[in-house]
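What follows draws every value from the coordinates through simple rules; no lab data is involved. The structure displayed is predicted, hence computed values, not measured ones. Positions of Cβ are generated from backbone atoms using ideal geometry, with glycine treated the same way; all protein chains shown enter the neighbour counts.
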Amino acid sequence: MRDIDEKLWVCVRQRAGPLTKEVRYRRPQLRASDLPSVRREKNEIVRAIRDSCFRRTPTDRLELMLALMGWQATTYVLTFSDETLPEDFAGVRKVWARFASDLRRAHGGAFDYVYVIEGLHGGRRWHIHCVLRDEDFGLEDVRRWWGGGLVLDPEPLMQHPGDKFRRTAEYFTKERRDGERIPKGKRTWVASPSLYRKLPAPEKSRVRSGRIRVPKDAGWQWRRDSENAFGAFAYRVWIRLDK
């Protein structure tokens with residue numbers, strides 16, 4: 001049975017809306033008797049497997065949340081006038097909480113959203129980026145309920161067939177907590193509880209092949225492979241087009 005298991009690949013697949021991440025690997029066994037050259041080659045595969053964790057960094061986790069929003073979603077920039085500009089990070093979060101409460105009443109219940117607070121660029125003025133589903137709210141709805149200032153730069157979350165959710169995830173996580181304006185230990189981006197409930201658990205199985213089949217209707221895709229005498233690793237990420 002052990003010989004059979006060593007020939008099988010471990011397959012882990014994470015789905016999030018139209019986004020799929022899949023890794024297949026045969027992990028080498030590290031032994032105390034390994035020569036340095038052998039250990040280096042084994043560690044190449046071990047590192048490749050480790051670095052493909054689907055929710056390892058804030059950007060990775062946000063990418064999944066944005067993917068759950070899907071193709072029909074819009075990003076907005078919510079600004080503050082001089083009169084409504086909060087003094088600190090906590091004040092911005094309170095303003096968002098009131099805004100979300102108003103949207104919830106207008107919507108008639110819970111809705112999906114992602115938002116991020118920024119305040120280290122653009123003249124160091126606080127502002128909020130948020131993502132809402134088009135079927136829930138349009139530009140006029142957002143303007144009606146946002147009382148802080150202007151609603152700027154509405155644009156589709158996914159702008160063309162070859163676009164990727166990670167583009168926005170990387171942009172939304174570009175500011176780091178400086179310990180002053182953005183306190184240490186505070187998350188700058190937040191996804192609605194409803195989105196977290198919609199995220200499927202990773203699927204894990206053992207398969208006979210390391211080949212990952214990317215669907216023909218994938219718009220954007222990314223790949224990484226690594227293989228040597230001691231193990232192998234294949235990683236694919238793709239996004240299905242909105243039909």
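With only Lys, Arg, Asp and Glu charged, each at its Cβ (+1 for the first two, -1 for the last two), find how big the charge dipole of the chain is about the Cα centre; round to the nearest 20 debye.
So the dipole magnitude of the chain works out to roughly 1360 debye.
Give me the mean projected area, in nm² to one decimal, of the convex hull enclosing the Cα positions of the chain.
That works out to 16.8 nm².
Just to check, using Stokes-Einstein with a Kirkwood Rh over alpha carbon pairs, what's the diffusion coefficient of region 63-198 at 10 °C and 1.306 mPa s in µm²/s?
Translational diffusion coefficient: 104 µm²/s.
Can you tell me the Rg and the Dmax, both Å, for the Cα atoms in region 6-147?
Both quantities, over Cα of region 6-147: 22.4, 69 Å.
Arrange the peptides 11-20, 195-204 so that the one whose residues have, on average, the most other Cβ atoms within 10 Å appears first.
Per-residue Cβ counts within 10 Å, averaged per peptide and sorted highest first, yield 11-20, 195-204.
Out of residues 5 or more away from D88 or on other chains, whose amide H comes under 5 Å of its own, with H placed 1.01 Å from N in the peptide plane?
Counting only residues 5 or more places away or on other chains, the set is empty.
How high is the relative contact order of region 63-198, in percent, counting Cα pairs under 8 Å that sit 6 or more residues apart?
Answer for region 63-198 is 40 percent.
May I ask you to order 106-118, 62-74 by the average number of other C-beta atoms within 10 Å around their residues, highest value first?
Descending mean neighbour count gives 62-74, 106-118.
Compute the relative contact order of region 126-243 as a whole-number percentage, counting only Cα pairs closer than 8 Å that sit 6 or more residues apart in sequence.
Reported as a whole number, the value is 18 percent.
Using the Cα centre of the chain as origin and beta-carbon charges of +1 (Lys, Arg) and -1 (Asp, Glu), tell me which of L78, V46, G231 is placed farthest towards the positive end of the dipole.
G231
Over the chain, what is the mean sequence separation of C-alpha contacts under 8 Å (at least six apart), divided by residue count, expressed as relative contact order in percent?
33
Using alpha carbons only, how many angstrom separate the centre of region 95-156 from the centre of region 157-176?
17
Based on Cβ point charges of +1 for Lys and Arg and -1 for Asp and Glu, what charge dipole magnitude is obtained for region 63-198 about its Cα centre, in debye rounded to the nearest 20?
Charge dipole, region 63-198, about its Cα centre: 560 debye, nearest 20.
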